[in-house]
1. Go through the stretch 128-160 and give me each residue that's in contact (Cβ under 8 Å) with a residue 40 or more places away in the chain and basic (K, R).
2. Filter the stretch 82-100 down to residues that are at pLDDT below 95 and in contact with an Asp or Glu (Cβ under 8 Å, 6 or more places away or on another chain), then give me how many there are.
3. Does A111 count as aliphatic (A, V, I, L, M), over 21 Å from Y260 (Cα atoms) and at pLDDT 95 or above?
4. Within the stretch 161-175, which residues are free of Cβ contacts under 8 Å to residues at least 12 places away in the same chain and within 14 Å of P206 (Cβ to Cβ)?
5. Of the conditions (1) under 20 Å from G226 (Cα atoms); (2) buried (at least 22 other Cβ atoms within 10 Å of the Cβ); (3) within 14 Å of the ligand (Cβ to nearest atom), I192 fails just one. Which one is it?
6. Could you check the stretch 196-215 and list, in sequence order, the residues that are surrounded by 24 or more Cβ atoms within 10 Å (Cβ to Cβ) and either outside any loop (DSSP other than H, G, I, E, B) or within 6 Å of the ligand (Cβ to nearest atom) (or both)?
7. Condition test on E184, is it under 22 Å from the mean Cα position of the chain (by Cα) and more than 11 Å from the ligand (Cβ to nearest atom)?
Amino acid sequence: MKITFFSAKPYDKESFVHANECYGFEYEFFETELNAATAEVIQNSIAICAFVNDQLNRQVLEVLATKGVKIIALRCAGFNNLDIEAAHELGIRVCRVPAYSPEAVAEHALAMIMTLNRKTHKAYNRVREQNFSLQGLLGFNLYQKTVGVVGTGNIGKAFCRMMLGMGCRVLAFDLVADKSLEAEGVVFLPLITLLQQSDIISLHCPLNEQTTHLIDQQTIPFMKKGVMIINTGRGKLIDTKDCIDALKTGHIGYLGIDVYEQEEKLFFKDLSSHIIQDDMIQRLMSFPNVLVTAHQAFFTKEALEQIAMVTLDSIEKLGKGEPPATNGALVV
Ligand code: NAI
């Protein structure tokens, strides 16, 4: 069976070629993203493998169906880029990798907190220029601070445990309270109460109708002045413009984002010699208290290995009409 990959970077190829030693699929790799135009290149592929910013709307799915594609394997956890109804109608099976390494993402959220707080990125550059002054590097103890976690699934749970380990008071909001976390000391509260009490808020819920712009001009006023917001979930969980306004007034004291509302045009590309047309990201990057990483929270060796193995296992199983891999999940 042939698998056509979109948005395939050298590191994707490496991990999938390695994992394929156990399977023997035929591969075709395209570095370009999947959209209605690029979908036209597919030939003789029953399965395609897509990533977070590939377009899987109705128009693209219709092209895929005419090309004979029966399986879409998302090599990621989120599936907000998929038109589920259209995939269902067209009889295309879609699988994903729900929990390839929750710790990878949770650890990146922690790294963002520590960088924003202790300013290690500034210290690194400063010391290399023989500037050993501490002026401007003042941080705060994370110990005993209140951390609010929105979404306590695989990643949120791992993050809660890390924060408990740092000696923080951990509050959480989810549709259903997690008994095991409660037993470990996490306190589940309504969203607004969490926003009111937290020094740091970290988002780990999926993007959907209810969570779109969860952080915006309506919810920011409930937060403590100087709050730190960390978003490793999806860009649209926060209204970027409203966050910029709150950064300007100082209501938001720190912002760490690994995902961005308009990341499709920017992330995973080297644009260092281009003129960026997106004024919002340029404004964000001009703040000294904002840290942007380009959707790299998942990016660990262990996570890539797990993603490749589970994806191939799911494709093989779906190809035989069986349920996906044990660590995989069916979306449609
Ligand atoms: P999960 O499905 O295990 O957990 C999501 C949790 O959010 C569930 O407990 C669910 O009940 C909760 N939730 C759903 N709607 C909610 C709402 N309206 N308010 C509060 N909580 C709500 O997902 P997982 O694996 O923990 O991933 C979370 C998100 O992280 C993914 O949807 C994805 O968007 C993002 N992600 C980002 C990565 C990155 O590299 N930056 C990598 C992997 C995932």
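1. Passing the criteria: K145, K157.
2. The number of residues fulfilling the criteria is 0.
3. no
4. Listed by number, the list holds a single entry, L175.
5. Going through (1) under 20 Å from G226 (Cα atoms); (2) buried (at least 22 other Cβ atoms within 10 Å of the Cβ); (3) within 14 Å of the ligand (Cβ to nearest atom) one by one, I192 breaks only (2).
6. I200, I201, S202, L203, H204, I215
7. No, not satisfied.
Residue-wise test of (1) within 15 Å of the chain's Cα centre (by Cα); (2) under 23 Å from N53 (Cβ atoms); (3) among the aromatic types (F, W, Y).
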position: D216; (1), (2), (3): no, yes, no
position: V227; (1), (2), (3): no, no, no
position: D239; (1), (2), (3): no, yes, no
position: G250; (1), (2), (3): no, no, no
position: G256; (1), (2), (3): yes, yes, no
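The values are calculated or read from the model by the stated rules, or taken from the named source; none is laboratory data. Not measured: the values here are computed from a predicted model. Glycine also receives a Cβ, built like all others from the backbone with ideal geometry; neighbour counts cover every protein chain displayed.
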